[in-house]
Amino acid sequence: MSEDRMTKYVFVTGGVLSSVGKGLSAASLGALLEARGLKVTLMKMDPYLNVDPGTMSPFQHGEVFVTDDGAETDLDLGHYERFTSVPTTKNHTITTGKVYSTVLSKERRGDYIGKTVQVIPHVTDEIRAVMKKVAKDVDIVIVEIGGTVGDIESQPFLEAIRQHKLECGINNAINVHVTYVPHIRAAGELKSKPTQHSVKEMRALGLQPDILLCRAEQEIPRGLKDKIALFCSVTPDAVFSAKDAATIYEVPLLLHEEGLDTKAAALLCLQSVQPDLGPWIDLVNRIRNPKGSVRIAIVGKYVEFKESYKSLAEALHHAGYSLETQVDLKWIEAEELETQPPDGFLSDCQGILVPGGFGVRGTNGMIAAIKYARENRIPFFGICLGMQMASVEYARNVAMLEGADSTEFDENPRHRVIFKLRELVDVEELGGTMRLGSYPCILQEGSHAAKAYQSERIDERHRHRYEFNQAEYRSKLEEAGLAFTGMSPDQTFVEIVEILDHPFFLGCQFHPEFKSKPLAPHPLFVAFVKASMAKVLEQTSSHS
């Protein structure tokens, strides 16, 4: 048997409706199998025609998650990394657009030697080739297929997994189908018919689910599970309830209680080993029993669609869990601060975070929030655009550089504190034209950043087109009191700025949220939340 066929596969599909929880289900199963001592990896297949989600609006698609090697991916890869030790790469994500782009490039080069290029076998072969790329040196590959069974655009992916499952053979590949069992309040009943129809759609495509994971607002009774099993041709012990959880980090424990990982292991002929879930049990206990709370404002451009900041919100919560503190997030639309005093929005917050984004909308509101944090000594954390706006705010209001701005918003500002990446000048295409992926950074000794990381050198993930113009403005802002505490090793790129005599005022050009995990919170978020907790004590003592 060849090396790639030694690896076993779990294909996760979704039915009835979108946002049914395939990504969390796949990530949770990955966590459970990893807790059994297995080496697991996960990948996502998205059926849209975009090559990647990099140019898609956050309102359309939610967050764009960035990997170490610079791939712009679906936010589900964030779930995979948070729930497991998997380091995802560009090979862990594929879209219809990427597949067709590759196939058409091969056709133009003559790789198909004059053959008629078709969906089967050429497109499906390309999909299967990507699956095999990530299968090296792992025990299990969990493959999530985006979209809903029955959608036209996902059919090539479903055909590819049908072929792959057949090639792998029995006990080497299974299909976990995630469905929705609605509760009809008027009738007081859970209804299985949508699940039955979804499985019927799958079987029409040549796929028979091995496991049914049924999302519902409440526990699914044994009798209904038996009915679903009968009508969907699965064994009764392969139908599992996935009820809504108080926290997503409880999902692995709930699915283990249901027996999902035990059944998956049995179907794949894996050794029966009890998973070590101690860290997850401890995490959920800390989530349920906080010893305090802190309110942090997120002043952003896309707050009406919170999935745009998925990793960011999770990173703040991770820090809170490690500090046994409940982090309450106050979402503030940046544009509102452009016409109203910030005090009315921010006075009840002990920390202010300004996240990344693109475009001019709301940036003056961000600057107002940053000024409020600086002047009132409230802990501030700026990420990507937030760091750039902190630099502009400092230039305008402390260094007194009137007209300071970014060339992203004004092509010819009086003081171009932020300007386009030098290697991207004259590049107008948006797709794949940013500084993407992991880059090193050297930290200044004694800075907030160095204290948080407990290291002199770090590696963090980036996603930006503009940078601080240090050749013209670093010395001016340093003279005014801004510290440049993180730099690229060659001193080309400014990575971190701080106000060192402030309780916590730090802006970073990179995205630390992408590397935070519930069991390993990111040090910058821990430092920020800890500083915000100190502000709670300060406010409490001043009011007593």
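About the Cα centre, and with charges only on the beta carbon of Lys, Arg (+1) and Asp, Glu (-1), how big is the dipole of segment 290-543? Nearest 20 debye, please. Write down the numbers at each step before the final one.
Numbers: 27 positive and 36 negative charges, 125 e Å.
The dipole magnitude comes to about 600 debye.
Taking 0.36 nm per residue of separation and subtracting the Cα-Cα distance, what length does fully extending Lys136 through Thr492 add?
Extending this stretch completely gives an extra 124.5 nm.
Would you kindly state the longest site-free stretch of the chain, with sites defined as GluC sites (Glu not before Pro) in a DSSP loop (not H, G, I, E, B) surrounded by at most 15 other Cβ atoms within 10 Å? Don't skip to the answer; put the middle values down first.
Working: sites that count: Glu217, Glu219, Glu304, Glu324, Glu402, Glu411, Glu428, Glu429, Glu445, Glu456.
Counting at most 15 other Cβ atoms within 10 Å as exposed, the longest clean stretch of the chain is 1-216.
Amide H to amide H under 5 Å from Ala242: which residues, 5+ apart in sequence or cross-chain, H placed 1.01 Å off N in plane?
Under 5 Å from the amide H of Ala242: Cys214, Arg215, Ala216.
Measure out, as a whole number of angstrom, how far apart the alpha-carbon centroids of segment 353-422 and segment 461-536 sit.
Spelled out, the Cα-based centre of one part sits 13 Å from the other.
Run through segment 244-350 and list the chymotrypsin sites (Phe, Trp or Tyr not before Pro) located in a DSSP loop whose Cβ has at most 14 other Cβ atoms within 10 Å. Write down the numbers at each step before the final one.
On the way: sites: Tyr249, Trp280, Tyr302, Phe305, Tyr309, Tyr321, Trp331, Phe345; in loops: Tyr302, Phe305.
Filter output for segment 244-350: Phe305.
Quick one: of the DSSP bridges fully inside the chain, what percent are antiparallel, nearest 5?
Details: 25 of 77 bridges.
Expressed as a percentage, antiparallel bridges in the chain total about 30.
So which of Lys243/Lys330; Lys39/Lys193; Lys291/Lys517; Lys136/Lys193; Lys44/Lys301; Lys98/Lys515 end up more than 30 Å apart, counting from Cα to Cα? Before the final figure, lay out each step's value.
Values: Lys243/Lys330 27 Å; Lys39/Lys193 37 Å; Lys291/Lys517 21 Å; Lys136/Lys193 40 Å; Lys44/Lys301 27 Å; Lys98/Lys515 25 Å.
Listed pairs above 30 Å: Lys39/Lys193; Lys136/Lys193.
Taking square-rooted eigenvalues a ≥ b ≥ c of the alpha carbon gyration tensor, is segment 375-509 rounded, prolate or oblate, where a/c under 1.5 means rounded and, failing that, a/b exceeding b/c means prolate? Walk me through the intermediate numbers first.
Working: a/c = 1.87, a/b = 1.13, b/c = 1.65.
Cα axes put segment 375-509 in the oblate bin.
Is there a quick way to get the dipole size of the chain? I mean about its Cα centre, with the Cβ of Lys and Arg at +1 and of Asp and Glu at -1; what is the value in debye to the nearest 20?
Around 1280 debye, computed over the chain.
With a ≥ b ≥ c taken as the square roots of the eigenvalues of the C-alpha gyration tensor of the chain, please select rounded if a/c is under 1.5 and otherwise prolate if a/b is larger than b/c or oblate if it is not?
Numbers: a/c = 2.14, a/b = 1.54, b/c = 1.39.
Since a/c reaches 1.5 and a/b is larger than b/c, the shape of the chain is classed as prolate.
Loop only by DSSP, 10 or fewer other Cβ within 10 Å of the Cβ. Give me the trypsin sites (Lys or Arg not before Pro) in segment 3-82 that pass, ordered by residue number. Kindly include the intermediate steps, with their values, before the conclusion.
Values: sites: Arg5, Lys8, Lys22, Arg36, Lys39, Lys44, Arg82; in loops: Arg36, Lys39.
Listed in order of number, the matching sites amount to none.
Decide, for segment 87-127, between rounded, prolate and oblate: order the square roots of the alpha carbon gyration tensor eigenvalues as a ≥ b ≥ c, take rounded if a/c falls under 1.5, and otherwise choose prolate if a/b is larger than b/c, else oblate.
On the way: a/c = 2.79, a/b = 2.07, b/c = 1.35.
Here segment 87-127 falls in the prolate category.
Could you run the Debye sum over the Cα atoms of segment 178-268, one equal point scatterer each and no solvent, and tell me log10 of I(q)/I(0) at q = 0.20, 0.22, 0.24 Å⁻¹, two decimals?
-0.98, -1.15, -1.29
Arrange Tyr112, Tyr473 by Cβ neighbour counts within 10 Å, fewest through most, would you? Could you put the intermediate results ahead of the total?
Working: Tyr112 14, Tyr473 23.
Neighbour counts put them in this order, fewest first: Tyr112, Tyr473.
Can you give the FRET efficiency to the nearest 0.05 for Gln118 and Lys243, using r as the Cβ-Cβ distance and R₀ = 41 Å? Provide the component values of the computation, followed by the final result.
Details: r = 43 Å, r/R0 = 1.06.
Here the calculated transfer efficiency is 0.40.
May I have the extent of the alpha carbons of segment 290-543 along their three principal axes, as whole Å values ordered from largest to smallest?
Principal-axis extents of the Cα atoms in segment 290-543, largest first: 53, 39, 37 Å.
Using Cβ counts within 10 Å as a stand-in for footprinting exposure, how do Tyr372, Tyr453 rank, fewest first?
Values: Tyr372 23, Tyr453 20.
The fewest-first ordering by Cβ neighbours comes to Tyr453, Tyr372.
To the nearest 0.05, how large is the calculated FRET efficiency for Thr407 and Ala480 if R₀ is 30 Å and r is the Cβ-Cβ distance?
On the way: r = 21 Å, r/R0 = 0.70.
That pair, Thr407 with Ala480, gives E of 0.90.
Anything in the chain that counts as a DSSP H helix reaching 27 Å or more along its axis (C-alpha) with Kyte-Doolittle mean of at least -1.0? List them, would you?
Values: long enough: 523-543 (30 Å, 0.50).
TM-like helix candidates: 523-543.
Could you tell me what percent of the DSSP beta bridges with both partners in segment 3-282 are antiparallel, to the nearest 5? Please list the in-between numbers first.
Numbers: 4 of 34 bridges.
Just about 10 percent of them are antiparallel.
What's the exposure ranking of Tyr394, Tyr100, going from fewest to most Cβ atoms within 10 Å?
Values: Tyr394 26, Tyr100 17.
Starting with the residue having the fewest Cβ neighbours, the order is Tyr100, Tyr394.
Let me have the 222 nm mean residue ellipticity of the chain computed from DSSP H runs of 4+ only, each contributing -39500 (n - 2.57), with the sum over all residues rounded to the nearest 500.
Working: 19 runs with 197 residues, N = 544.
Computed mean residue ellipticity for the chain: -11000 deg cm²/dmol.
In whole angstrom, note down how far apart the Cα centers of segment 168-240 and segment 48-110 are.
29
Quick one: if you stick a label point 7 Å off each Cα along the C-beta vector at Gln271 and Lys39, how many nm between them?
Distance between label points: 1.5 nm.
Every number in this text was worked out from the coordinates using simple rules, so none of it is lab data. Values in this document were obtained by computation on a predicted structure and should not be read as measured data. Please note: Cβ atoms are built from the backbone with ideal geometry, for glycine as well, and neighbour counts cover all protein chains shown.
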